[in-house]
Amino acid sequence: AVVSTQSTGKQFSAEHSVPVSLPYHPNIVQMLHSYNASTTPFKRYLPLLVPAGLDVDVDMASRTSFIAMREYPFSLKNFVKKFVEQKVKLAFMNKERMTEELHLILLLLLQSLFVLDHLKKHHVVHRDIKLDNFMMRHSGQLVLIDFGWAVNLNNSDGSPAIATEKNDIIAGNPVAWSPEISFHHNSFNEPILFSSVYDKSDLHTLGKMFLSVLEFLGFIEKDSTGFPQCPVNLATLPYLVESISLLQEMVLPNPDQRVSVTNCLLSLGAALFFNDTNTHAQVLSRYMSITLADTNYQAPSITDVETLGAVKLLHAIVAKQFIATVKPEDLIGECVSCGQTATS
């Protein structure tokens with residue numbers, strides 16, 4: 001990426017400094033290098049840096065900031081479009097195919113929750129969650145990029161960060177303006193803690209994003225009031241009703257009533273990987289199976305949406321990441337309590 005320090009200043013600083021300050025996470029972009037350089041020596045390389053047809057004045061600043069990151073095959077936005085194109089080609093969709101597609105989308109959602117969980121643990125809010133800002137590896141693993149709008153809820157000395165003016169309370173795209181961001185921005189009259197505004201704002205945006213994805217792919221339809229619901233013919237699809245319900249809890253207008261990132265992650269992961277475990281022994285047995293599963297083999301690229309041959313390996317990768325993220329006692333509590341509820 002090439003960003004002018006004159007045109008973006010503070011945003012570029014966050015785009016580089018925030019991910020660099022975070023401990024390694026497989027779903028967050030890793031900055032390989034950053035540097036400043038005169039634009040003149042780089043003019044000959046401009047076609048490699050800027051797509052053809054894009055009007056960019058290389059002389060707009062005497063110095064330009066460069067950041068280097070790994071190249072990814074496509075964004076989540078492009079993947080969803082490719083997914084839809086394939087569905088149109090297939091024309092007839094049987095239940096088995098629909099189940100596998102939904103399973104893949106939920107694996108992507110769970111990875112997104114891993115990201116939010118990691119950011120929350122380190123007091124960071126992205127503020128620009130959208131399909132364009134999630135890149136995908138060939139394995140199907142997501143990578144969140146573009147931290148230009150990110151903020152830390154704490155100052156460098158550990159004290160809580162405070163919004164001192166209304167323009168401190170903003171977001172990077174229209175969907176990211178959660179109800180609480182809009183409210184505090186529009187009614188600003190005194191300083192307020194960032195944490196009071198942004199505690200669950202990224203979660204709200206993520207919920208809206210995946211509700212849109214499910215609707216785009218035909219897993220959701222809206223009633224006459226615009227409320228998302230499960231299509232009648234898909235009501236028996238595994239996890240669909242529960243997933244829609246979870247996403248609805250993520251987008252509740254009142255953040256105090258909204259489900260937490262931790263609970264979202266725990267309930268979705270338990271459903272995907274421990275759905276038929278009701279006792280301590282069963283949970284521990286599945287836990288060991290996931291731990292020992294082989295994830296070091298070559299699978300088809302996730303770009304092969306016709307066969308979805310990458311889903312099996314991605315399932316194993318995300319399952320390992322899930323058990324490494326949650327506390328074993330919380331997982332056991334979630335599985336056993338769900339089992340008791342199902343049998344009562």
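The values are calculated or read from the model by the stated rules, or taken from the named source; none is laboratory data. The shown structure was predicted, so the numbers you read here are calculated from the model rather than taken from an experiment. Positions of Cβ are generated from backbone atoms using ideal geometry, with glycine treated the same way; all protein chains shown enter the neighbour counts. Surface accessibility is based on the protein's heavy atoms, side chains included, excluding ligands, DNA and RNA. Shrake-Rupley method; radii C 1.70, N 1.55, O 1.52, S 1.80 Å.
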request  = Find how much the distance from V336 to Q229 grows on full extension, using 0.36 nm per residue of separation minus their present alpha carbon separation; answer in nm with one decimal.
outcome  = 35.7 nm
request  = Using only protein heavy atoms and a 1.4 Å probe, report how much of C338 is accessible, in Å² to the nearest 10.
outcome  = 70
message = List the residues, sorted by chain then number, that are 5 or more residues from I162 or on another chain and whose placed amide H is less than 5 Å from its amide H.
response = F194
task = May I ask you to rank Y287, Y72 by accessible area, largest first, using a 1.4 Å probe over the protein chains only?
result = Y287, Y72
task = For the range 241-248, just list the computed ³J(HN,Hα) in residue order, Karplus coefficients 6.51, -1.76 and 1.60, θ = phi - 60°, integers in Hz, with x standing in for Gly and Pro.
result = 4, 5, 5, 4, 4, 5, 5, 5
message = Please list D157, D168 from largest to smallest accessible area, probe radius 1.4 Å, with all protein chains kept in place.
response = D157, D168
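Roll a 1.4 Å probe over the protein chains and send me the accessible area per residue for the range 70-174 in Å². Walk me through the intermediate numbers first.
Working: 4590 Å² over 105 residues.
Value returned for the range 70-174: 44 Å² of accessible area per residue.
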remark   = Counting Lys and Arg as +1 and Asp and Glu as -1 over every other residue whose Cβ sits under 13 Å from the Cβ of V80, the net charge comes to +1
Relative contact order for the range 74-203, counting Cα pairs under 8 Å that sit 6 or more residues apart, in percent = 24
request  = Just reorder H204, H122 by solvent-accessible area, largest first, 1.4 Å probe, all chains present.
outcome  = H122, H204
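What does the charge count near K222 come to, summing +1 for each Lys or Arg and -1 for each Asp or Glu among other residues with Cβ under 14 Å from its Cβ?
Taking every Cβ under 14 Å from that of K222, the sum is -2.
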ask   = Between N275 and S195, what length in nm is gained on full extension when 0.36 nm per residue of separation is reduced by their alpha carbon distance?
value = 25.4 nm
remark   = N167 and K222 label points (each 7 Å along its Cα→Cβ direction) are spaced in nm at 3.3
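Work out the FRET efficiency for D294 and H123 from their Cβ-Cβ distance, taking R0 = 22 Å, and round it to the nearest 0.05.
That gives a FRET efficiency of 0.05.
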inquiry  = What distance in nm lies between label points placed 7 Å from Cα along the C-beta direction at S21 and S182?
reply    = 3.0
query = Per-residue accessible area for S13 at 1.4 Å probe radius, Å² rounded to 10?
reply = 60
ask   = Between I28 and residues 5 or more places away or on another chain, which pairs have amide H atoms under 5 Å apart, with H built 1.01 Å from N, and which residues are they?
value = L144
message = Can you give me the distance in nm between label points at R70 and K82, each placed 7 Å from the Cα along the Cα-to-Cβ direction?
response = 1.6
Entries of K200/K320; K81/K200; K222/K312; K81/K208; K121/K166 with Cα pairs more than 22 Å apart = K200/K320; K81/K200; K222/K312; K121/K166
task = Quote the FRET efficiency, to the nearest 0.05, computed for E306 versus Q248 with a Förster distance R0 of 35 Å and r equal to the Cβ-Cβ distance.
result = 0.65
